[in-house]
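Shown next, in structure tokens, is the structure this report addresses.
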Amino acid sequence: MDEYEATFEITSKDDAHAVERLLNRLYDTLREESRTVRAGTSDSTEMLEHFEGIHNAAQRQRPGRLTVVFEQRDEPFEEKQ
């Protein structure tokens, strides 16, 4: 499994605003995709619930750190029938 990591230090209001915008965009995209691709499945709801805390925290615009980890697996996607 390959792993990629990026850390963003939030040390100013401009940084906090940029992170807030990034997470708002990501949340909106996840919400829209879960409606169209995974409508009616529990995994889409669970995914949004996990992300919602991060999304809400970013709106408070405080100093901190955002770390993004992308783990890429070697197996292919499961085919839906």
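The values are calculated or read from the model by the stated rules, or taken from the named source; none is laboratory data. Please read these numbers as outputs of a predicted model, since none were measured by experiment. Counting neighbours? That spans all protein chains shown, and the Cβs are built from the backbone with ideal geometry, glycine included. The protein model used for the area step is the full one, side chains on, heavy atoms only, and it has no ligands, DNA or RNA in it. Shrake-Rupley method; radii C 1.70, N 1.55, O 1.52, S 1.80 Å.
Please work out the average accessible area per residue across region 2-72, using the 1.4 Å probe convention, and give it in Å².
77
On the accessible surface of the chain, probed at 1.4 Å, how many percent belong to carbon and sulfur atoms?
Carbon and sulfur: 48 percent of the exposed surface of the chain.
How large is the dipole of the chain about the Cα centre if only Lys and Arg carry +1 and Asp and Glu carry -1, each at its Cβ, rounded to the nearest 20 debye?
Charge dipole of the chain: 580 debye, to the nearest 20.
Angle, helix 13-36 long axis vs. longest principal axis of the chain, Cα atoms, 0 to 90°, nearest 10?
Once rounded, one gets 20 degrees.
From the list (i) 84; (ii) 115; (iii) 96, can you say which value of volume of the Cα convex hull per residue in Å³ was derived from the structure given?
Given (i) 84; (ii) 115; (iii) 96, the calculated one carries the label (iii).
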